[in-house]
Amino acid sequence: MKGEIKQICILVDDLETAMKNYWEKFGIGPWDVRHFTPETVRDFYVRGEKVTEDFDFICAVTWEGDIEYELIQPIKGPNIYWDHLNRFGSGMHHFKIVIRDDEELAAYVKELEAKGLTVTQTGWIDNDVHYYVDSYDKLGLVLELGNGGKIGEAEEVYPSRDAVRSVEHRQNIRQIALVVDDVEKYMNNFAYYLGINDWDVRHFTPRRVRNYCVDGKPVTEDFDFICAVKWAGDMELELIQPIKGPNVYQAFLEKHGPGLHHVKDVCPDEEILKQFDRLKGDGMRITQTGWIDGDSHYYMNTEELLKMTLEFGNGGKIDPAEEVFHGGEKPID
């Protein structure tokens, strides 16, 4: 893969509440808040047409370790966010690949266009450029490409520039996961379009997973879901396809279709338990957990607060994969 995954974006219909939840419940912030308008954005195009009418969308960003969180609320005028909000509601929208060199970035955009992806939105704010491409049907997400250029000081900061975190824990986001209905299709297409290939593929079944619980109850019936993982630089991408039995993925797939499902905060087991104790007071609970070899996973019911699922895991060692998928010679529709 060219570039680095440096941003995770969540679309929201109430930015103020979203920032408040991220800040007060998880200590994520302070947030730099900017309005993207004709006064601040130049060369703004949506679906190939230069935007000449009034527009406004708010972007709030903050760094948590070496990943940037972005919250976007559209206000008025043309943009690609309306369609996604109308279709799915608030939730994860894209991750952003940063390629620092402008010429290399532009060449990569053309390379993706030659493969059949089209730019749906682009624009500049100060030295920063963004390109979104129409990758949802192929990759299960909207892909953003940008140069990570320098932007002037934010118009406002939430809750304030000198705000002190009330939560000691700092996230260590090391995985972005999608739930899909055809894992082979998406592994192949990530290889074809982005060069992310040689996926480790494992079936999570009673034979492999121990202490598996869903909604607080040990699972005694047969179950199976496929997890395919591949590191792209410092970020692990995970594709999950539910097959049978209880899990948190099937309901998401039925409601949403394929798409971004969660991010994973990797930290030691004792820190995970500490965070569970802290979050219980805010009504947070574990919706799914289990161990495979030395690796643990715990999903939390954070959808209302964060507009996505948060996973905690210890990043423990797992035995070699049953299969390694190599593909990408041509796309799969």
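Summary table below
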{"read-out": "Residues located in region 140-160, provided they are surrounded by fewer than 19 Cβ atoms within 10 Å (Cβ to Cβ) and outside any loop (DSSP other than H, G, I, E, B)", "value": "GLU156, VAL157"}
{"read-out": "Residue list for region 317-330, restricted to those being part of a loop (DSSP other than H, G, I, E, B) and either open to solvent by 20 Å² or more (accessible area, probe 1.4 Å) or touching a Pro at 6+ places or on another chain (Cβ under 8 Å) (or both)", "value": "LYS317, ILE318, ASP319, PRO320, ALA321, GLU322, HIS326, GLU329, LYS330"}
{"read-out": "Test set (1) touching a Gly at 6+ places or on another chain (Cβ under 8 Å); (2) within 29 Å of MET187 (Cα to Cα); (3) of a type in the set (Lys, Arg) - ARG42 fails condition number", "value": "(2)"}
{"read-out": "Residue match in region 61-71 (condition: modelled with pLDDT of 95 or more, more than 19 Å from PHE95 (Cβ to Cβ) and out of contact with any Gly (no Cβ under 9 Å at 6 or more places or on another chain))", "value": "no"}
{"read-out": "Residues that are open to solvent by less than 10 Å² (accessible area, probe 1.4 Å) and in a strand (DSSP E or B), drawn from region 126-139", "value": "VAL129, TYR132, VAL133"}
{"read-out": "Within region 161-176, tally of residues that are in contact (Cβ under 8 Å) with a residue 40 or more places away in the chain and open to solvent by 40 Å² or more (accessible area, probe 1.4 Å)", "value": "7"}
{"read-out": "Residues being polar (S, T, N, Q) and either at pLDDT below 95 or open to solvent by 30 Å² or more (accessible area, probe 1.4 Å) (or both) - total across region 286-313", "value": "1"}
{"read-out": "Condition check for VAL51: more than 26 Å from GLY259 (Cβ to Cβ) and touching a Pro at 6+ places or on another chain (Cβ under 6 Å)", "value": "yes"}
{"read-out": "Answer residue from region 11-20, given it is out of contact with any helix residue (DSSP H, G or I) (no Cβ under 7 Å at 6 or more places or on another chain) and hydrophobic (A, V, I, L, M, F, W, C) and is farthest from LEU141 (Cα to Cα) among those", "value": "MET19"}
{"read-out": "Residue list for region 177-187, filter: buried (at least 20 other Cβ atoms within 10 Å of the Cβ) and in contact (Cβ under 8 Å) with a residue 60 or more places away in the chain", "value": "ALA177, LEU178, VAL179, VAL180, LYS185, TYR186, MET187"}
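The values are calculated or read from the model by the stated rules, or taken from the named source; none is laboratory data. Please read these numbers as outputs of a predicted model, since none were measured by experiment. Virtual Cβ from ideal backbone geometry, glycine too; neighbours counted across all protein chains shown. Just the protein is used for accessible areas: all its heavy atoms, side chains included, with ligands, DNA and RNA removed. Shrake-Rupley method; radii C 1.70, N 1.55, O 1.52, S 1.80 Å.
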